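Undergrad: Below you will find the structure I want to go over with you.
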Number of protein chains: 2
Amino acid sequence: MSVASGIEFQMSLLLFVALLGYLLASRINQSAVIGEILVGLLIGPSVLGLITYTDFVQSIAHLGAVILLFVVGLEFKFEEIYKAKYFAIALVGVILPWLGGYLTAGYFGFGFVPSVFVGTALTATSIAITASVLKEMGRLDTLAAKAIIGAAVIDDILGLLALAFTNQIAEGSLNYWSVLLILFKAILFLVGGSLFGNMFLNRKIIEFDSTSLAKKYPEMSFIFTMMLAFLYSMVAEAIGLSAIVGAFIAGVSMGNIKLKHSKDFIEGSDYLHIIFASIFFVSLGIIADLHALNMNVIIFLLVLTIVAVLTKVFGCGLTSKFFGFNSKDSAVIGFGMSPRGEVAMIVALIGLTKGVINQDVYVTLVLMSLLTTIVTPIVLRNWLYRNF
Amino acid sequence: MSVASGIEFQMSLLLFVALLGYLLASRINQSAVIGEILVGLLIGPSVLGLITYTDFVQSIAHLGAVILLFVVGLEFKFEEIYKAKYFAIALVGVILPWLGGYLTAGYFGFGFVPSVFVGTALTATSIAITASVLKEMGRLDTLAAKAIIGAAVIDDILGLLALAFTNQIAEGSLNYWSVLLILFKAILFLVGGSLFGNMFLNRKIIEFDSTSLAKKYPEMSFIFTMMLAFLYSMVAEAIGLSAIVGAFIAGVSMGNIKLKHSKDFIEGSDYLHIIFASIFFVSLGIIADLHALNMNVIIFLLVLTIVAVLTKVFGCGLTSKFFGFNSKDSAVIGFGMSPRGEVAMIVALIGLTKGVINQDVYVTLVLMSLLTTIVTPIVLRNWLYRNF
């Protein structure tokens, strides 16, 4: 069988499953991402076995993860997060969950490397989910919402930094010297990459936009920005960070450009994102094998989920209170920071792909992400915004 | 090395090469497609060897071919081609080139199956290239231009039909009975698929567009249409046609929908097309190995190119004259129908992938397509529209 054969079947099935995910999500009143992962679980080896995690699915899902983080980066605005209090909320909200995850995994008997992965998976808040819940409730303009988004962006970056360390640990090459080195490379890449993008590449793209070449071929800017997204990913991976860190920084570098003659690359990336991020989330369900769930793993999952929520609630909530937010807003911020999403799942996927965590930990992390995401809107909607 | 590793490198390189293709195309005043294939030749094993035709490149290029024909189908309008004279022009303009290609290949000593592939590759006019040349010259509204586009669309369909037969021949399963069967299946699929799409799916998509689900998730229609594109491709391949025939018919079925609440899937497919069709054209250059070009092959190439142009010029031109076009318009139609493009190259690629043609024929067909495409605008611009 040639590589190409079966591609149509896989693509149509993956997209069909994504659509079923939307239907399910709407039925159970959850975000589409949750529906996609759940239906992915259903059609994968866990239940129906209609599709397995083929090389093709893996490649397309990998493209999806890169495009996803690029688009998340595009929505990111520097000026919204340059506040010391957001940074403090994010920092405490990364350290506590990391420790909580690491210690919980250790308590359940997992070794050093898997425990580090669990800790790292617990660090990053899902901006997408939190923002969309607040938007649905018409609360995006509140002080608490701004704090959540600012801190969530910072803790995404901190989470990506933690991932860089985790990568080194997984490869067994972490020591004091390599900690310094990776920190140096990461900061250099984060700062250098985004400055290079913001100062130089942005200007070039805007200059190019008024050339006759851009008028003749309005699609070139879009190809160029996607090329940069993959180039940043490649560089990030080459220096020991993760590909998605690169994609995120590429997005951050390019978020604020408006072009006159060229096709809108922000719109274009969003269309790519619709197709490929859907496939990415479906694939997360496909690769998870529910057969790994025995009673021990289920208990681990429940404890870890509680730890994941409480460490964010106390870490971010108490820090918010310290910085002068009232009790209600502090609680909203704490619960608002609880949902884990794409970063947690990618961390889990990287661990699984590198063979340093097994299906038990992988499934636990994916389901933990799902559970935190399901819990948050319920708490915000039915309890916090009602009782206070 | 995991499958995922290297994907960023390949994607950024392929897109970078596509951009260089645009630059080259603009410099030599040709269409972007030609630039992309030429730079693909340069970076592939033919010259620099920076990238090979990996499984990943093959998968992505295959996606690109499907998306390309889907987008071509979307631009197609039934009512523009329902004219007997266009059908006659197209039919003669398919039969003569097919015979010309088949006989030329036979004369140069190629066997039956490769000769059939050469004949089939000579049938289909590239709508994209012809239309864009006429558009650049501001001649899209002329009678000749309308005849060219109408006939080019029909000869694309006839070419795809010829491809269905060619597929059967390549698999050694062609006899009188199978000719009838494939003709029956092809007509059933072409008519049935486009009617089903036009009558049923279109209505469903429009109905869906006004549901609350579509308002909540405006991206669902786009996912649905892309799913259909791959589903049609899969069905086409399953019944012995080619995947791209399915993608084309899927596009034809869905070209005329305007949605109010959903994201615009026509725009979305166009963005996918920008990235993936570029990669497809670059990959055509990568897979072609110029080392196959010896003196015999070069002579074959030149003769075949002349045959390709003359059979269209006389086949379409004389038929046009017969149907009452004046001499100038008939010549414009004849030369306007000469450029071969995506279909010829996909036919060549299928032959190569199935192992029924070798690099010598593959390279010849790709370069023949390029040459006819380069010749046409020159003739139209510098000679026909100047002298008459």
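Undergrad: Give A:223, A:206 a once-over and let me know the one that is in contact with a helix residue (DSSP H, G or I) (Cβ under 8 Å, 6 or more places away or on another chain) and either within 30 Å of residue B:217 (Cβ to Cβ) or assigned to a helix (DSSP H, G or I) (or both).
TA: Being in contact with a helix residue (DSSP H, G or I) (Cβ under 8 Å, 6 or more places away or on another chain) and either within 30 Å of residue B:217 (Cβ to Cβ) or assigned to a helix (DSSP H, G or I) (or both) holds for just one of A:223, A:206, which is A:223.
Undergrad: Sort out which residues of the range B:55-100 are surrounded by fewer than 17 Cβ atoms within 10 Å (Cβ to Cβ) and hydroxyl-bearing (Ser, Thr, Tyr), and write them in order of number.
TA: B:82
Undergrad: A further question on this structure: Conditions first: (1) touching a Phe, Trp or Tyr at 6+ places or on another chain (Cβ under 9 Å); (2) within 19 Å of residue A:164 (Cα to Cα); (3) surrounded by 24 or more Cβ atoms within 10 Å (Cβ to Cβ). Residue A:340 passes all but one, so which condition is the exception?
TA: The failed condition is (1).
Undergrad: So if I check each of A:141, A:156, which one is of a type in the set (Asp, Glu) and assigned to a loop (DSSP other than H, G, I, E, B)?
TA: Exactly one residue qualifies, and that residue is A:141.
Undergrad: Given the criteria among the aliphatic types (A, V, I, L, M), without any contact (Cβ under 8 Å) to a residue 12 or more places away in the chain, under 23 Å from residue B:343 (Cα atoms) and assigned to a helix (DSSP H, G or I), does residue B:188 qualify?
TA: Criteria met by residue B:188.
Undergrad: I'd like the full set of residues that are within 19 Å of residue A:226 (Cα to Cα) and of a type in the set (A, V, I, L, M, F, W, C), limited to the range A:25-69.
TA: A:60, A:61, A:63, A:65, A:66, A:67, A:68, A:69
Undergrad: Any residue in the range B:42-62 that is in a helix (DSSP H, G or I) and more than 30 Å from residue A:54 (Cα to Cα)?
TA: Taking the range B:42-62 as the starting set, the residues that turn out to be in a helix (DSSP H, G or I) are B:42-43, B:55-62.
Imposing the further condition that a residue be more than 30 Å from residue A:54 (Cα to Cα) reduces the set to B:42.
Within the range B:42-62 (the criterion being in a helix (DSSP H, G or I) and more than 30 Å from residue A:54 (Cα to Cα)), the answer is yes, since at least one residue qualifies.
Undergrad: Restrict the check to the range B:222-238 and report whether at least one residue is under 25 Å from the mean Cα position of the chain (by Cα), more than 14 Å from chain A (Cβ to nearest Cβ) and surrounded by 21 or more Cβ atoms within 10 Å (Cβ to Cβ).
TA: No, there is no match, as no residue in the range B:222-238 is under 25 Å from the mean Cα position of the chain (by Cα), more than 14 Å from chain A (Cβ to nearest Cβ) and surrounded by 21 or more Cβ atoms within 10 Å (Cβ to Cβ).
Undergrad: Out of all the residues in the range B:243-260, is one or more within 28 Å of residue A:25 (Cβ to Cβ), among the basic types (Lys, Arg), outside any helix (DSSP H, G or I) and away from chain A (no Cβ under 14 Å)?
TA: Yes; the residues of the range B:243-260 include at least one that is within 28 Å of residue A:25 (Cβ to Cβ), among the basic types (Lys, Arg), outside any helix (DSSP H, G or I) and away from chain A (no Cβ under 14 Å).
Undergrad: Those residues that are out of contact with any helix residue (DSSP H, G or I) (no Cβ under 7 Å at 6 or more places or on another chain), within 12 Å of another protein chain (Cβ to nearest Cβ) and small (Gly, Ala, Ser), I need them from the range A:209-220; list them, please.
TA: Residue satisfying the conditions is A:212 alone.
Undergrad: Separate question: Find all pairs meeting these conditions: Cβ atoms under 7 angstrom apart; at least six residues apart or on different chains; first residue within the range B:239-262 and touching a residue at least 12 places away in the same chain (Cβ under 8 Å); second residue assigned to a loop (DSSP other than H, G, I, E, B).
TA: B:251/B:76; B:252/B:76; B:255/B:75; B:255/B:76; B:255/B:77; B:261/B:210; B:261/B:218; B:262/B:218
Undergrad: Across the range A:347-361, what is the total count of residues that are surrounded by fewer than 24 Cβ atoms within 10 Å (Cβ to Cβ) and in contact (Cβ under 8 Å) with a residue 40 or more places away in the chain? Walk me through how you get there before you give the answer.
TA: First, pick out the residues of the range A:347-361 that are surrounded by fewer than 24 Cβ atoms within 10 Å (Cβ to Cβ): A:350, A:352-356, A:358-360.
Next, from what is left, pick out any that are in contact (Cβ under 8 Å) with a residue 40 or more places away in the chain: A:350, A:352, A:354, A:356, A:358-360.
Qualifying residue count for the region: 7.
Undergrad: Return the only residue of B:172, B:150 being more than 14 Å from every other protein chain (Cβ to nearest Cβ) and either among the charged types (D, E, K, R) or in a loop (DSSP other than H, G, I, E, B) (or both). So that I can check it myself, show each step before the final result.
TA: Numbers: B:150 fails: either among the charged types (D, E, K, R) or in a loop (DSSP other than H, G, I, E, B) (or both).
After ruling out the rest, the residue left standing is B:172.
Undergrad: Now for a separate question. When you look at residue A:130, is it part of a helix (DSSP H, G or I), buried (at least 21 other Cβ atoms within 10 Å of the Cβ) and modelled with pLDDT of 90 or more, yes or no?
TA: Values: part of a helix (DSSP H, G or I): yes; buried (at least 21 other Cβ atoms within 10 Å of the Cβ): yes; modelled with pLDDT of 90 or more: no.
Spelling it out, it is not the case that residue A:130 is part of a helix (DSSP H, G or I), buried (at least 21 other Cβ atoms within 10 Å of the Cβ) and modelled with pLDDT of 90 or more.
Undergrad: Next question. Which of the residues spanning the range B:267-296 are aliphatic (A, V, I, L, M) and either under 16 Å from the mean Cα position of the chain (by Cα) or surrounded by fewer than 20 Cβ atoms within 10 Å (Cβ to Cβ) (or both)?
TA: B:274, B:277, B:279, B:282, B:284, B:290, B:292, B:293, B:295
Undergrad: So, one more: When the range B:8-28 is examined, which residues are found to be aliphatic (A, V, I, L, M), more than 22 Å from the chain's Cα centre (by Cα) and within 7 Å of chain A (Cβ to nearest Cβ)?
TA: Residue satisfying the conditions is B:11 alone.
Undergrad: Kindly indicate whether residue A:187 is away from chain B (no Cβ under 11 Å), over 30 Å from residue A:329 (Cα atoms) and surrounded by 15 or more Cβ atoms within 10 Å (Cβ to Cβ).
TA: Numbers: away from chain B (no Cβ under 11 Å): yes; over 30 Å from residue A:329 (Cα atoms): yes; surrounded by 15 or more Cβ atoms within 10 Å (Cβ to Cβ): no.
Answer is no for this residue.
Undergrad: Also, quick follow-up: With the condition kept exactly as written, say whether any residue in the range B:108-116 is away from chain A (no Cβ under 14 Å), closer than 15 Å to residue B:305 by Cα and buried (at least 21 other Cβ atoms within 10 Å of the Cβ).
TA: There is at least one residue in the range B:108-116 that is away from chain A (no Cβ under 14 Å), closer than 15 Å to residue B:305 by Cα and buried (at least 21 other Cβ atoms within 10 Å of the Cβ).
Undergrad: Scan the range B:29-42 for residues that are within 14 Å of chain A (Cβ to nearest Cβ) and β-branched (Val, Ile, Thr) and jot them down.
TA: B:33, B:34, B:39
Undergrad: Of the residues that sit in the range B:4-41 and are part of a loop (DSSP other than H, G, I, E, B) and hydrophobic (A, V, I, L, M, F, W, C), which one is farthest from residue B:360 (Cα to Cα)?
TA: B:4
Undergrad: Right, another one. State all residues of the range A:261-297 that are part of a helix (DSSP H, G or I), within 12 Å of chain B (Cβ to nearest Cβ) and over 15 Å from residue A:65 (Cβ atoms); if no residue qualifies, say none.
TA: Answer for the range A:261-297, where residues must be part of a helix (DSSP H, G or I), within 12 Å of chain B (Cβ to nearest Cβ) and over 15 Å from residue A:65 (Cβ atoms): A:265, A:266, A:267, A:268, A:270, A:271.
The values are calculated or read from the model by the stated rules, or taken from the named source; none is laboratory data. These numbers come from a predicted model, not from an experiment. Every residue, glycine among them, receives a Cβ derived from its backbone with ideal geometry; neighbour counts consider all protein chains shown.
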